[in-house]
Amino acid sequence: MIEIKQLEQSKHKNKYIIHTSVDEYELDEDTIVKYRILKGACFEEKQFEEILNEVKINLNFSKVLHYLSYGSRSYEEIRSYLKQKAVDLKEEDINKILDKLSSFGYINDQKLAYDLFNYYKENKKGPKYIEQKLMQRKVPSSCIMNAKKEYTSDEEKENMNSIFLKLKDSQSNKPITKQKSFFMQKFLRDGFTSSIVYSFINECNFEDKSELSLQKDFIKAKEKIASKGYSINETKQKIIEILLRKGYSFSQIQECFSNN
């Protein structure tokens, strides 16, 4: 039997130091009231171990609440957190904490999936990008698929159009092929659906203001090739190859030769 010898106020708020016939422990006020842990009370060893284990569970539950105050987490993120931070916490105790958090609505993988989809969608990211982010956070695939259905193809096009309108002027000094390549890569990198990206790119009105850039690139290419000792025809061919790689059309390059 374990006998309670003395109780005294702890330095920590709402906690007490419990002196027993075996050792001393720090217990919270709710546990003391719940189990009537008073001076002179006696407990079977197994019963007292269960009380201490409950205290440990409650302590880790509070730690998780503090962790959640910094932002929503997935079920598996909380499990990983407890395994890393908690000391001597059994798997069944971790499950108890997770179940308690779930019952109070502190963790909800489906809600987290919807919230993150809406957040990243508002920040002009595509569904594949968001799906990857959710997978990294160990959100179940079923929850991800449910949330992904809410991201329509029209919304993808709207987001791509917002990006296009914001960036098109900064790219207009490049050849059309380069502009298309730039936006294609950006949209795919941002996780938009490839078939929708291709369709959108084909519908975009690109403005070609690359004439000045072509003149500059033509002069650079000419200066670069000049010292190589090529014949006139070889020099022309090398310049054409350089400018084609930069995305200029053959007709633009021929016109540039005519003007120079």
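Taken together, the values in this text are just the output of simple stated rules run on the coordinates, not laboratory data. This is a predicted model, so every value here is computed, not measured. Ideal geometry is used to build each Cβ from the backbone, glycine not excepted, and the neighbour counts take in all protein chains shown.
Key figures for this structure:
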read-out: Residues located in region 209-238, provided they are under 15 Å from Gln252 (Cβ atoms) and touching a Ser or Thr at 6+ places or on another chain (Cβ under 7 Å); value: Lys209
read-out: Residue identified as assigned to a loop (DSSP other than H, G, I, E, B), free of Cβ contacts under 8 Å to residues at least 40 places away in the same chain, surrounded by 12 or more Cβ atoms within 10 Å (Cβ to Cβ) and out of contact with any Phe, Trp or Tyr (no Cβ under 7 Å at 6 or more places or on another chain) among Phe182, Phe206; value: Phe206
read-out: Among the residues listed as Glu150, Glu158, the single one being outside any helix (DSSP H, G or I) and out of contact with any strand residue (DSSP E or B) (no Cβ under 6 Å at 6 or more places or on another chain); value: Glu150
